[in-house]
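**Q** This is the structure, below, for whatever I ask next.
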């Protein structure tokens, strides 16, 4: 069992980071979080300023959980009004993970119009059915299948995973990724909005899914995904005249996203996560 001592000046909240809906391959049992990140199994818990973990190196731990970032400085940069200040005070320590872009793409295509337990079941089904086994001490575990594996499947191969309408996007998206193995490096080198537009060329990737992938998969912290919870808090506190009843249309989405980015700046994505938690738990 390895240990990592957290600095008092670099706050971290493991529970909130893993439970806030940015990743779907984690579960908590008896105070321990366990899951698969990329092709590595991980078991981790937090006791005050000490992280106890196994399955990964310290460098992977620091990178994946974003522990190298100055979170206090990031939060100070977005703390521009009483609403976000309340969220920061409540959830300080929540960090944005650095996830694999392909895993993010697959996860957030599945996440459309679904709650977290359902998303987790879909992702687990894809991993268990098509992914390589990972030697995890708690039992059977599998990595998510690579794009090349899924791209070789025939129509109907995903039926057993019970993905619903999302299944019709997965195989074409996998084929697109497999045809250009350097797609992640190309997007990583692009400005936010350009990379976002490239992502939206993948089947099943609209504005919100693209923003989630840019934020959680490419660490473009200016990205600001807008879902029902964010729309609610933005309509209530930041742009009431821009939000309408009914389904969230593309024009409204882009307006809300732009207003948030202008207000919160280059770390708007961090504001999004804190506001999401605050809205979901009725704090704002």
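FYI, it's all coordinate maths here, none of it is from the lab. Predicted model, so just to flag it, every value in this text is computed and none were measured. Cβ atoms come from the backbone with ideal geometry, glycine included; neighbour counts cover every protein chain shown.
**Q** For a quick check, take a GNM of the chain with Cα springs below 10 Å and name the residue from 243, 110, 212 with the largest mean-square fluctuation.
**A** 243
**Q** Here's another thing I want to ask about it. Rounded to whole Å and sorted largest first, what semi-axes of the equivalent ellipsoid does the C-alpha gyration tensor of the range 2-68 yield via the square root of 5 times each eigenvalue?
**A** 17, 13, 12
**Q** May I ask you to compute the full-extension gain from residue 179 to residue 79, defined as 0.36 nm times their residue separation minus their alpha-carbon distance, rounded to one decimal in nm?
**A** Additional length available on full extension: 31.8 nm.
**Q** Using 0.36 nm per residue of separation minus the Cα-Cα distance, give me the extension gain between residue 165 and residue 152 in nm, one decimal.
**A** Working it through step by step, the gained length comes to 2.7 nm.
**Q** Based on other C-beta atoms within 10 Å, arrange 180, 192 from fewest to most.
**A** 180, 192
**Q** Also: Rg and Dmax of the range 2-116 over Cα atoms: what are they, in angstrom?
**A** Just the Cα atoms of the range 2-116 yield Rg and Dmax of 14.7, 41 Å.
**Q** Taking the simple approach of a point 7 Å from Cα along Cα-to-Cβ for both residue 86 and residue 242, what is their distance in nm?
**A** With each label placed 7 Å out from Cα toward Cβ, I get 2.1 nm.
**Q** Among 155, 100, which comes first, then next, by fewest other beta-carbon atoms within 10 Å?
**A** Going from least to most buried by this count: 155, 100.
**Q** I've got another one for you. Report the Cα centroid-to-centroid distance between the range 212-284 and the range 113-183 in angstrom, as an integer.
**A** Distance between centres, Cα-based: 28 Å.
**Q** Helix-only estimate, please: 222 nm mean residue ellipticity of the chain, summing -39500 (n - 2.57) across DSSP H runs of length 4 or more and dividing by its residues, to the nearest 500.
**A** Value at 222 nm, helices only: -14000 deg cm²/dmol.
**Q** How high is the relative contact order of the chain, in percent, counting Cα pairs under 8 Å that sit 6 or more residues apart?
**A** 19
**Q** For 160, 223, what's the fewest-to-most ordering of other Cβ within 10 Å of each Cβ?
**A** Taking fewest neighbouring Cβ atoms as first place, the list is 160, 223.
**Q** On alpha carbon coordinates alone, what is the Rg over Rh value for the range 101-218, Rh being the Kirkwood radius?
**A** 0.96
**Q** Could you check the spin-label model distance between residue 281 and residue 140? Points 7 Å from the Cα along Cα→Cβ, value in nm.
**A** Between residue 281 and residue 140, the label points sit 3.5 nm apart.
**Q** Moving on to the next point. Please work out the Kirkwood hydrodynamic radius for the chain, using every pair of different C-alpha atoms, and report it in angstroms with one decimal place.
**A** In the chain this quantity evaluates to 19.6 Å.
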